[in-house]
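Every read-out reported here was derived from the displayed coordinates using simple, explicitly stated rules and does not represent laboratory data. Predicted model, so just to flag it, every value in this text is computed and none were measured. So basically every Cβ, Gly included, is an ideal-geometry build from the backbone, and we count neighbours across all protein chains shown.
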Amino acid sequence: MFQAQDLIRRKRDGEMLPESEIQAFVHAVVAQQGITDAQTAAFLMAVFQRGLGTAELAALTQAMRFSGETFDARPLHTFTIDKHSTGGVGDKTSLLIAPILAAAGVARPTPEGVPGICVPMISGRSLGHTGGTLDKLETIPGFHTQLSLSRFEQVLRQCGACLIGQTPKLVPADRILYALRDHTSTVESPYLITASIMSKKLAESLNALVLDVKTGSGAFMRRPEDAGLLARLMVETGKAAGTRTVALMTNHDQPIGRYAGNWLEVMECVDILRNRRHAMSADLIELTNLLSGWMLHLAGRAGSPEAGGQASDELLRSGAAWKAWVGIVEAQGGDAGVFENPQAFHQPAASAQLAAEAAGFIISIDTTQVGWAVQRLGAGRAKPGDPVSAHAGIEVHAKLGDRVEAGQRLVTLHAADQTLLAEPLEMLREAYVVGAVPPGLAWQLREVIVREV
Ligand code: URA
């Protein structure tokens, strides 16, 4: 018989728990029987302090994955692949990667018999200082992110990719555990983060998964050693579940690309998909090609990740990914006509400029602070369920290492109301540091740290 008190005591004392007891714990949490919230919170704190062994973590993840409904991709007869990022400021790669992969695979096998690709992206909303894919997509008039799993399957068949939010029945254990973690200072545990992220990704029934684990001033795991541990735990957990998993550790010491903010980020992606490349988007394009290069390689469409990166860039440049994007948007109810003149649709009521106070080089950017400034401009929410502003956000005019003159624009801020500008402007002023000597090259780090292929 499952005894919550006994389970807590044994984890508190560092014992390894068997799979059957971890399953019983998750079952009790979801059924809300045989365990109180206080006991669940105590168990989470014991895990926070003691960590989990490989088998325990795999058991927790699998029990959470199967705690509700899952998406069954088998009827599609495709290679099912997704990516996940640990979160960033201006990180909009999902909006580019979904159409790139769709353009490469379109859910059909090649003449040589390589299976079609399908990308079932179940995405999230803004979290802390970082933006969320769903909030960005929902700025496209008519775009639906809350689809049933059967409609999800139809769009995947038609387009090869579909981007939706979590359904109420998908991985309910994570919803309950996450809310308790949020109230008990146990969010940061790499073990609990792994179980949370991987249970949701594995519920998409993936053949392969590419993880972008960020490190640096805008990352949840700022130190490379913490990001490295998280990457290793996620790869081990993916492997234990039979999903080929690759983790890349990428630096996040500055906002990614040209814009951060919901519609602004869609607009940046539309420009890239229409092959109108801006210098400030170069790092975003590089990161996108790195991740989709790995995905194309794992899906059997490229002989190496590097060849996959080149194929990805070609799908962007040729307009094939643009065509796939319009198809996905229209299949999800969105009005693709708005992309004809995306600048005209961008109508912030108020704007301001951050200018350099002295000449020099941009030597550091506190990217977490930049993310909070973007949220305060109105792009994020103070509490769950709050509306977000489509047009709030920033445009960056200079990157790390760039030489700037006194008075030169560094950032343009946009908000729905003049009164929302002053505090974020001050936060950005503190976040950008200009100095006399150019910084080192640490921010250029793009490293494959764990491969399991
Ligand atoms: N994202 C998640 O889905 N879960 C976590 O625990 C952290 C980030």
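Quick check on my filter: what residues within the stretch 282-310 are surrounded by fewer than 21 Cβ atoms within 10 Å (Cβ to Cβ) and part of a helix (DSSP H, G or I)?
Selection gives Ala282, Ile285, Glu286, Glu306, Ala307, Gln310.
Counting just the residues of the stretch 141-174 that are in a loop (DSSP other than H, G, I, E, B) and crowded, with 24+ Cβ neighbours inside 10 Å, which one comes out farthest from the chain's Cα centre (by Cα)? Can you show your working first?
Initial filter on the stretch 141-174 (in a loop (DSSP other than H, G, I, E, B)): 141-148, 160, 166-169, 171.
If we keep only those that are crowded, with 24+ Cβ neighbours inside 10 Å as well, we get 160, 171.
Working: Gly160: 19, Val171: 18 Å.
Among those that are in a loop (DSSP other than H, G, I, E, B) and crowded, with 24+ Cβ neighbours inside 10 Å, it is Gly160.
For the stretch 70-91, enumerate the residues that are in contact (Cβ under 8 Å) with a residue 60 or more places away in the chain, away from the ligand (no atom under 16 Å from the Cβ) and not β-branched (Val, Ile, Thr).
Matches in the stretch 70-91: Phe71, Asp72, Ala73, Arg74, Pro75, Leu76, Phe79, Gly90.
Going by the structure shown, is Val30 within 19 Å of Ala179 (Cα to Cα), part of a helix (DSSP H, G or I), touching a Pro at 6+ places or on another chain (Cβ under 8 Å) and not charged (D, E, K, R)? Before you say what the answer is, go through the steps one by one.
Numbers: within 19 Å of Ala179 (Cα to Cα): yes; part of a helix (DSSP H, G or I): yes; touching a Pro at 6+ places or on another chain (Cβ under 8 Å): yes; not charged (D, E, K, R): yes.
It is true that Val30 is within 19 Å of Ala179 (Cα to Cα), part of a helix (DSSP H, G or I), touching a Pro at 6+ places or on another chain (Cβ under 8 Å) and not charged (D, E, K, R).
In the stretch 72-109, which residues are out of contact with any strand residue (DSSP E or B) (no Cβ under 6 Å at 6 or more places or on another chain) and surrounded by fewer than 22 Cβ atoms within 10 Å (Cβ to Cβ)?
Hits for the stretch 72-109 are Asp72, Arg74, Pro75, His77, Val106, Arg108, Pro109.
Among the residues in the stretch 202-212, are any within 13 Å of the ligand (Cβ to nearest atom), without any contact (Cβ under 8 Å) to a residue 60 or more places away in the chain and either polar (S, T, N, Q) or assigned to a helix (DSSP H, G or I) (or both)?
no
Would you confirm whether any residue within the stretch 168-184 is among the polar types (S, T, N, Q), closer than 21 Å to Ile35 by Cβ and more than 9 Å from the ligand (Cβ to nearest atom)?
If we filter the stretch 168-184 for residues that are among the polar types (S, T, N, Q), which is where we start, we get 184.
Now drop any that are not closer than 21 Å to Ile35 by Cβ, which leaves 184.
After this cut, where a residue has to be more than 9 Å from the ligand (Cβ to nearest atom) as well, the list is 184.
Yes, the conditions are met somewhere in the stretch 168-184.
Answer yes or no as to whether Ser196 is within 12 Å of the ligand (Cβ to nearest atom) and surrounded by fewer than 23 Cβ atoms within 10 Å (Cβ to Cβ). Before the answer, list the steps.
Details: within 12 Å of the ligand (Cβ to nearest atom): yes; surrounded by fewer than 23 Cβ atoms within 10 Å (Cβ to Cβ): yes.
Criteria met by Ser196.
Which pairs do you get when a residue that is free of Cβ contacts under 8 Å to residues at least 60 places away in the same chain, found in the stretch 263-278, comes within reach of a residue that is surrounded by 15 or more Cβ atoms within 10 Å (Cβ to Cβ) and part of a loop (DSSP other than H, G, I, E, B), reach meaning Cβ atoms under 8 angstrom, with the pair 6+ apart or on two chains?
Between residues of the stretch 263-278 that are free of Cβ contacts under 8 Å to residues at least 60 places away in the same chain and residues that are surrounded by 15 or more Cβ atoms within 10 Å (Cβ to Cβ) and part of a loop (DSSP other than H, G, I, E, B), the close pairs are His278/Arg258.
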